Amino acid sequence: MADRADNALFTILEDINRRPEPFQITTTRELWTDPFLAERMLEKHLDPDIDAASRKTAFIERSVNWIRTRFQIDSRTTILDLGCGPGLYTHRLAAAGARVTGIDFSEHSLGYARDQAAAARLDIDYIHQDYLEYETQATFGLVMMIMCDFSVLNPAQRARLLRKIHGQLRPGGHFLFDAYSLAAYASRREGASYARDQLDGFWAPNSYYGFCNTCKYDAQHVILDKYTIIERAQIRTIYNWLQYFDPEALCCELTQHGFVVETLHGDVAGAPFDAAGPEFTIIAAKP
């Protein structure tokens, strides 16, 4: 009996420590649609003092002010915000007069965004959908993808998204997004950690045991944070993939999909580009 139990535990530990191929298994949707996790993610979004699901409020304010100036936002501006979450950017840009559409597949976050828009009497079109599936006949002057969301996509998804964005932009329109850098990749380390109720109970409403395995894939500059959550009734695994980019290679990727890269910045608040920084921002145009 003890031998069988030991063998079962060994099998579980083998699964916990197994390294999949890059982007082999994805669970992005679960992170944003599971009711408990969606509520926790919204809490992280709305915390003004942390950079987690969203950046700190002070940074968002600087970022929106820069976007307003850089793209001359007014009542004629049409904006598509991919992965808009609870509307922290869409709300502010609509208040500046722009006509804004926000897309997210977290109904929980969109519920908050819609309530805030209604309270402020802002006409924002919020769409509950995966932006990789979004189809529209409308075109936009600015498409945004903020908080390094581009880095969670595998190569095939990136190609699909860039084709869609190119079609959704009007001629002369811009695509604004940020991504993690190779400097940030170099700063990450492989490792494994374990704790009861890991991350202060983030993963489940009841007690659980949490494992985190961080894997680096040097050939692709990809990192996986693999979370295994062991509850009394189930075992779940969350795969958090992040792609890290060389700016020159990413600019080539954009060029291959018909974009013209205009400028690089250090962040989405217009900081100067820094090759040693943890992230960078690209402004690309549709000719």
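The values are calculated or read from the model by the stated rules, or taken from the named source; none is laboratory data. Because the structure is a prediction, the values reported are computed rather than measured. As a convention, Cβ positions derive from the backbone with ideal geometry for all residues, glycine included, and neighbour counts pool all protein chains shown. Protein only, heavy atoms only, side chains kept; ligands, DNA and RNA dropped before computing areas. Shrake-Rupley method; radii C 1.70, N 1.55, O 1.52, S 1.80 Å.
A few notes on this one:
- Of the residues making up segment 112-123, at least one is surrounded by 13 or more Cβ atoms within 10 Å (Cβ to Cβ), under 20 Å from ARG40 (Cβ atoms) and touching a residue at least 60 places away in the same chain (Cβ under 8 Å).
- Test for SER187: is it surrounded by 14 or more Cβ atoms within 10 Å (Cβ to Cβ) and in contact (Cβ under 8 Å) with a residue 60 or more places away in the chain: no
- Residue satisfying condition, being surrounded by 15 or more Cβ atoms within 10 Å (Cβ to Cβ), hydrophobic (A, V, I, L, M, F, W, C) and within 30 Å of GLN168 (Cβ to Cβ), within set PHE259, PHE211: PHE259
- Scanning segment 238-256 for residues that are touching a helix residue (DSSP H, G or I) at 6+ places or on another chain (Cβ under 9 Å) and open to solvent by 40 Å² or more (accessible area, probe 1.4 Å) returns ASN240, ASP246, GLN256.
- Filtered residues of segment 190-229 (kept if touching a residue at least 60 places away in the same chain (Cβ under 8 Å) and either more than 23 Å from LEU153 (Cα to Cα) or assigned to a loop (DSSP other than H, G, I, E, B) (or both)): ALA192, PHE202, TRP203, ALA204, PRO205, PHE211, GLN220
- Enumeration of residues in segment 224-275 that are basic (Lys, Arg) and touching a Lys or Arg at 6+ places or on another chain (Cβ under 9 Å): LYS226
- Within segment 224-236, tally of residues that are within 19 Å of the chain's Cα centre (by Cα) and open to solvent by 30 Å² or more (accessible area, probe 1.4 Å): 1
- The number of residues in segment 94-114 being of a type in the set (Phe, Trp, Tyr) and modelled with pLDDT of 95 or more comes to 1.
- Top-ranked residue of segment 129-163 - restricted to ones that are touching a strand residue (DSSP E or B) at 6+ places or on another chain (Cβ under 9 Å) and either basic (Lys, Arg) or in a helix (DSSP H, G or I) (or both), ranked as nearest to GLU262 (Cα to Cα): LEU162
- For segment 77-101, the set of residues classified as within 16 Å of the chain's Cα centre (by Cα) and of a type outside the set (S, T, N, Q) consists of LEU80, ASP81, LEU82, GLY83, CYS84, GLY85, PRO86, GLY87, LEU88, TYR89, listed by residue number.
- Extreme residue, nearest to LEU110 (Cα to Cα), among residues of segment 11-56 that are polar (S, T, N, Q) and open to solvent by 40 Å² or more (accessible area, probe 1.4 Å): THR33
- Selected residue (criterion: nearest to TYR185 (Cα to Cα)) from residues of segment 268-277 that are in contact (Cβ under 8 Å) with a residue 40 or more places away in the chain and open to solvent by 30 Å² or more (accessible area, probe 1.4 Å): ALA276
- Qualifying residue in segment 62-76 (condition: more than 17 Å from the chain's Cα centre (by Cα), hydroxyl-bearing (Ser, Thr, Tyr) and open to solvent by 20 Å² or more (accessible area, probe 1.4 Å)): yes
- Filtering segment 270-287 to residues that are of a type in the set (Asp, Glu) and in contact with a strand residue (DSSP E or B) (Cβ under 6 Å, 6 or more places away or on another chain) leaves only GLU279.
- Among residues of segment 136-164, those that are touching a residue at least 12 places away in the same chain (Cβ under 8 Å) and over 25 Å from PRO278 (Cα atoms), counted: 8
- The conditions of being crowded, with 22+ Cβ neighbours inside 10 Å, under 21 Å from the mean Cα position of the chain (by Cα) and among the charged types (D, E, K, R) are met by ASP104.
- Residues of segment 254-269 that turn out to be of a type outside the set (A, V, I, L, M, F, W, C) and in contact with a strand residue (DSSP E or B) (Cβ under 8 Å, 6 or more places away or on another chain), as a count: 6
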